[in-house]
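Enquirer: Starting off with a structure, shown below.
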Amino acid sequence: MSVITVFNALHCNEEQIVPRLVDTTGYRLVGDGEIAALAGKMSGIPAERVSRAFAAKTSLFNPFTHEKERSVAYMRQAVAEMLVEGNLVVVGFCCHLVPASISHVLRICLVADMAYRVRQAQSLPVPEKDPLKTIHKSDEDKAAWVLQMTGKADPWDPALYDIVIPTDKIRAEESMHLIVRNLHAEVVAPTEASLAALADFRLQARVQVALTLEGHEVTVAAKDGAVTLTIEKNVLMLSRLEQELKEIVQKVEGVRSVATEVGKNFHQADIYRKLDFQAPARVLLVDDEREFVQTLSERLLLRDMGSAVAYDGESALEMLREDEPDVMILDLKMPGIDGMEVLRRVKATQPEIEVIILTGHGNETDRETCMQLGAFAYLQKPVDIDVLSETMKQANEKIMQRRQQGS
Amino acid sequence: MKKKEVILQAATHLFSRKGYKDTAMGELTKMTGAAEGTIFYHYKSKQGLFLAILSNLKEGILPEFERYRNAESEKTGLDMVEESISFYLYMAQSREDLFAILHQRYPYELAESNPECRDHLEAVYNCFVDIFENAIVTGQRDGSIAPDIAARKSALIVFSMVDSMVRFRMNNLYDVGALYKDLIESCRRMLENRTR
């Protein structure tokens with residue numbers, strides 16, 4: 001009855017580990033392809049268009065078509081129905097559609113350091129031409145997906161999994177044994193609670209599909225047939241919307257009651273909303289110290305500033321080509337393209353982005369060079385979060401003024 | 001008229017013409033002859049004055065909409081939709097300064113942080129949309145309107161078309177009188193029950 005989910009970074013020995021796992025357990029292998037196909041059949045959206053939901057980039061037309069939301073909703077329902085079957089190895093993006101409350105699922109994550117992954121890519125029968133690029137692209141898609149599904153900025157965050165296996169350190173055979181050993185542990189056995197959680201998940205998935213079909217984007221929670229809808233949007237005619245949502249959901253099979261609530265940060269007289277006008281909306285954090293950036297990212301979120309994260313200069317520049325942040329917070333010392341070089345290139349191509357240097361290793365010469373290159377500010381680590389957010393607000397003010405003059 | 005009401009009326013006039021942000025309290029004193037202190041005594045602040053206008057707008061317009069909605073009618077639902085469109089356009093014309101305030105950005109900005117403002121606006125818009133929704137539901141019951149359309153969503157769509165017409169006229173974008181007949185026909189085509 002148990003289920004194993006395997007979410008892996010690209011080129012982390014997955015093609016060795018997964019088949020062995022399937023052989024040893026006798027479980028059925030389910031990949032994203034099968035789930036997308038099933039979702040396609042249920043929704044009428046062609047399967048290959050359903051799979052586009054896995055890409056970090058969303059179609060420009062999505063705000064009108066809602067195709068991504070519909071695809072995800074149907075895939076969630078497909079996964080929910082499959083889980084009933086049990087004895088599965090689910091591999092790929094769809095792992096993150098399974099809620100953590102279903103405890104008879106063993107969640108595995110395969111990771112390895114970049115050098116190892118590149119070597120793996122090169123040793124393929126048909127070696128990849130630009131493995132680093134493929135890996136970055138794959139990581140970007142996975143990070144965007146995990147962020148969207150779980151709210152975690154790091155797709156490999158240990159909190160999301162039962163076991164994270166560093167496959168550059170543990171061989172495939174051993175990894176497989178490690179997984180099987182844990183599979184037989186008592187905690188992964190189905191219990192009354194975990195089966196109830198599965199039933200809740202199936203109901204939640206059905207409700208989500210019904211709502212998405214009507215073009216609504218609402219957070220859904222289900223417990224024993226009681227459904228709670230959280231409206232995460234600022235809507236003035238709220239009671240009207242609530243009424244409509246309730247009418248849609250009441251018709252879904254298995255729903256006993258429906259309640260609606262409004263998301264914490266919406267249309268309430270709290271200071272966070274007001275900060276909105278002063279704080280930059282799009283912030284890119286570039287720093288190779290993962291833990292530091294993630295903490296920073298979370299703390300900024302508390303102040304209502306959304307941020308994207310890049311762990312090295314190269315991916316930062318890559319992200320800039322796709323998307324334009326208002327403000328960038330940049331560490332100087334990084335492997336590969338260093339912060340100074342990133343600053344130079346940003347200011348040459350996208351001078352309207354305000355760059356705040358945040359470094360632990362800087363000196364007076366660095367400061368001068370950075371300021372000459374056009375940095376907005378130069379701050380030393382450790383930085384007081386108040387000082388940083390004040391600096392960001394000042395940067396934003398400058399941007400706003402420029403935009404007003406420009407318009 | 002009491003001083004308090006004079007101030008409110010003058011402020012409605014100024015806000016509707018110049019916008020909230022571009023109205024200086026000095027102008028209001030000039031127009032009403034009331035000292036700035038008097039204005040603040042009655043309304044606490046510029047924002048307080050604005051909220052009072054909204055509240056006054058609500059109390060002034062809504063009863064008329066309610067009365068209209070509750071009036072007995074022999075007509076079919078589809079005809080009621082047509083009538084509601086005329087009624088809305090008529091109200092928007094006869095209360096132009098109040099509608100001008102509703103067509104500004106400021107009230108909605110304020111609604112994001114001010115629950116009182118939010119409540120006023122929600123009540124106003126509910127009442128506006130209700131006349132259309134009520135007509136559509138009636139039409140679905142009497143068979144004049146297609147049974148398979150979503151009444152709630154269609155009411156919002158009809159409302160947003162009609163309300164845009166008001167905006168068109170206020171900003172002199174086009175001769176709206178020339179569009180009236182076509183507006184009615186479009187709404188009829190959108191809603192009518194073709195299976196009959």
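Enquirer: Summing +1 for each Lys or Arg and -1 for each Asp or Glu, what net charge is found among the other residues whose Cβ lies under 13 Å from the Cβ of residue A:338?
Expert: Values: positive: A:333, A:344, A:345; negative: A:287, A:288, A:312, A:314, A:331, A:341, A:366.
Charge balance near residue A:338 sits at -4.
Enquirer: Trypsin sites (Lys or Arg not before Pro) within the range A:106-144: which are DSSP loop residues with at most 12 other Cβ atoms inside 10 Å? Intermediate values should be presented prior to the final figure.
Expert: Values: sites: A:107, A:117, A:119, A:129, A:133, A:137, A:142; in loops: A:129.
The qualifying sites are A:129.
Enquirer: Give me the lysines in straight-line cross-link reach of residue A:398: C-alpha distance below 19 Å, same-chain residues under 8 apart excluded.
Expert: Counting by Cα, and skipping residues close in sequence, residue A:398 has these lysines nearby: A:274, A:347.
Enquirer: Residue by residue, what Karplus-based ³J(HN,Hα) values in Hz, rounded to whole numbers, does the range B:173-185 have, using 6.51, -1.76 and 1.60 with θ = phi - 60° and x for Gly and Pro?
Expert: Result, rounded to whole Hz: 6, 7, 6, 5, x, 6, 9, 3, 4, 5, 4, 4, 5.
Enquirer: Check the straight Cα-Cα distances from residue B:18 and name the aspartates and glutamates below 16 Å, setting aside those fewer than 8 residues away within the same chain.
Expert: Candidates past the 8-residue exclusion: B:27, B:96, B:97.
Enquirer: Counting DSSP beta bridges in chain A, what percent are antiparallel, to the nearest 5? Working shown, then result.
Expert: On the way: 5 of 45 bridges.
Roughly 10 percent of the DSSP beta bridges within chain A come out antiparallel.
Enquirer: Report, to the nearest 10°, how far helix A:385-406 tilts away from the longest principal axis of the Cα atoms in chain A, using its own Cα long axis and a range of 0 to 90°.
Expert: That works out to roughly 80 degrees.
Enquirer: Turning to a different aspect of this structure: Sort A:193-203, B:128-138, B:96-106 by the packing proxy (mean of other Cβ within 10 Å over each peptide's residues), most packed first.
Expert: Working: A:193-203: 18.7, B:128-138: 22.2, B:96-106: 17.2.
Result, highest mean first: B:128-138, A:193-203, B:96-106.
Enquirer: Relative contact order, percent, of the range A:3-184 when contacts are C-alpha pairs under 8 Å separated by at least 6 residues?
Expert: Relative CO of the range A:3-184 lands at 35 percent.
Enquirer: Something else about it: Using only Cα atoms, tell me the angle between helix A:131-150 and the longest principal axis of chain A; keep it within 0 to 90° and round to the nearest 10.
Expert: The helix A:131-150 is inclined about 70 degrees to chain A.
Enquirer: A further question follows. Shape of chain A from its Cα gyration tensor (a ≥ b ≥ c, root eigenvalues): rounded if a/c is under 1.5, otherwise prolate when a/b > b/c, or oblate? Provide the component values of the computation, followed by the final result.
Expert: Details: a/c = 2.08, a/b = 1.26, b/c = 1.65.
Oblate shape, in that a/c is at least 1.5 and b/c is the bigger or equal ratio.
Enquirer: In deg cm²/dmol, rounded to 500, what helix-only [θ] at 222 nm does chain B give when every DSSP H run of at least 4 residues adds -39500 (n - 2.57) and the total is split over its residues?
Expert: Working: 10 runs with 150 residues, N = 196.
Estimated from H runs of four or more residues: -25000 deg cm²/dmol.
Enquirer: Whole-Hz Karplus ³J(HN,Hα) for the range A:317-326, in order, using 6.51 cos²θ - 1.76 cosθ + 1.60 and θ = phi - 60°, x for Gly and Pro?
Expert: Each residue of the range A:317-326 in turn: 5, 4, 4, 5, 5, 8, 9, 10, x, 7 Hz.
Enquirer: If you don't mind, there's one more thing I want to ask. Please compare each pair in B:2/B:46; A:393/B:153; B:21/B:153; A:41/A:264 to a cut-off of 31 Å on the Cα-Cα distance and tell me which ones are over it. All intermediate terms of the calculation are to be shown ahead of the outcome.
Expert: On the way: B:2/B:46 19 Å; A:393/B:153 40 Å; B:21/B:153 34 Å; A:41/A:264 36 Å.
Over 31 Å apart, Cα to Cα: A:393/B:153; B:21/B:153; A:41/A:264.
Enquirer: Once the Cα atoms of the range A:272-406 are picked out, what are the Rg and Dmax in Å?
Expert: According to the Cα coordinates of the range A:272-406, Rg and Dmax are 13.7, 40 Å.
Enquirer: Beyond 29 Å, what share of the Cα-Cα pairs of the range A:3-184 is found? Please give it as a whole percent. Could you put the intermediate results ahead of the total?
Expert: On the way: 3332 of 16471 pairs.
So the pairs more than 29 Å apart make up 20 percent of the total in the range A:3-184.
Enquirer: Roughly how tilted is helix A:14-25, in degrees to the nearest 10 and between 0 and 90, from the longest Cα axis of chain A?
Expert: Between helix and principal axis, roughly 20 degrees.
Enquirer: Give the relative contact order (percent, whole number) for chain A; include only Cα pairs under 8 Å separated by 6+ residues.
Expert: On the way: 624 pairs, mean separation 52.0, N = 407.
Once normalised by length, the contact order is 13 percent.
Enquirer: Rounded to two decimals, what ratio of Rg to Rh does the range A:1-78 give with C-alpha atoms and a Kirkwood Rh? Let's see the in-between values first.
Expert: Working: Rg = 14.9 Å, Rh = 14.1 Å.
In the range A:1-78, Rg relative to Rh is 1.05.
Enquirer: Further question on the same structure: Roughly how big is the range B:55-191's charge dipole about its Cα centre, with Cβ charges of +1 (Lys, Arg) and -1 (Asp, Glu), in debye to the nearest 20? Don't jump to the answer; show the numbers that get you there.
Expert: Values: 15 positive and 23 negative charges, 57 e Å.
Result for the range B:55-191 is approximately 280 debye, rounded to the nearest 20.
Enquirer: Which residue fluctuates most in the GNM of chain A (Cα springs below 10 Å): A:166, A:125, A:155?
Expert: Most flexible of the set in this elastic network: A:125.
Enquirer: What's the center-to-center distance, using Cα atoms, between the range A:383-407 and the range B:54-85 in Å?
Expert: 48 Å
Enquirer: Taking the range B:1-43, how much of its Cα-Cα pair set, in percent, is spaced more than 11 angstrom apart?
Expert: Details: 547 of 903 pairs.
Value for the range B:1-43 (Cα pairs over 11 Å): 61 percent.
Enquirer: Give me, ordered by chain and number, the residues 5 or more places off residue A:231 or on other chains with an amide H under 5 Å from its own placed amide H.
Expert: Those qualifying (amide H under 5 Å, at least 5 residues apart or on another chain) are A:261, A:262, A:263.
Enquirer: Convert each backbone phi in the range A:208-219 into a coupling constant with the Karplus relation 6.51 cos²θ - 1.76 cosθ + 1.60 (shift: θ = phi - 60°), then list the ³J(HN,Hα) values in order as whole Hz, x for Gly and Pro.
Expert: These are the phi-based 3J(HN,Hα) values: 4, 4, 4, 6, 5, 4, 8, x, 9, 10, 9, 7 Hz.
Enquirer: Next up: Over the Cα atoms of the range A:24-123, what Rg and Dmax result, in angstrom?
Expert: Considering the range A:24-123 through its Cα atoms, Rg and Dmax are 15.6, 46 Å.
Enquirer: Separate question: May I ask you to derive the relative contact order of chain B, considering only C-alpha pairs under 8 Å and at least 6 residues apart, and to give it as an integer percent? List each step's numbers first, then the result.
Expert: Details: 160 pairs, mean separation 46.1, N = 196.
Relative contact order comes out at 24 percent.
Enquirer: Run through all the Cα pairs of chain B and give the fraction in each 10 Å bin from 0, expressed as whole percent.
Expert: Answer for chain B: a P(r) of 8, 32, 30, 18, 9, 2, 0 percent.
Enquirer: What are the lysines whose alpha-carbon lies under 20 Å from the alpha-carbon of residue A:137, with same-chain residues fewer than 8 places away excluded?
Expert: A:57, A:68, A:129, A:152
Enquirer: With n ≥ 4 as the cut-off for DSSP H runs, can you work out [θ] at 222 nm for chain A, using -39500 (n - 2.57) per run divided by the number of residues, rounded to the nearest 500?
Expert: Details: 16 runs with 199 residues, N = 407.
Theoretical 222 nm ellipticity from helices: -15500 deg cm²/dmol.
Each reported figure results from applying straightforward, stated rules to the coordinates on display, with no laboratory input. All values derive from a computational prediction rather than experimental measurement. Positions of Cβ are backbone-derived with ideal geometry, glycine not excepted, and every protein chain shown enters the neighbour counts.
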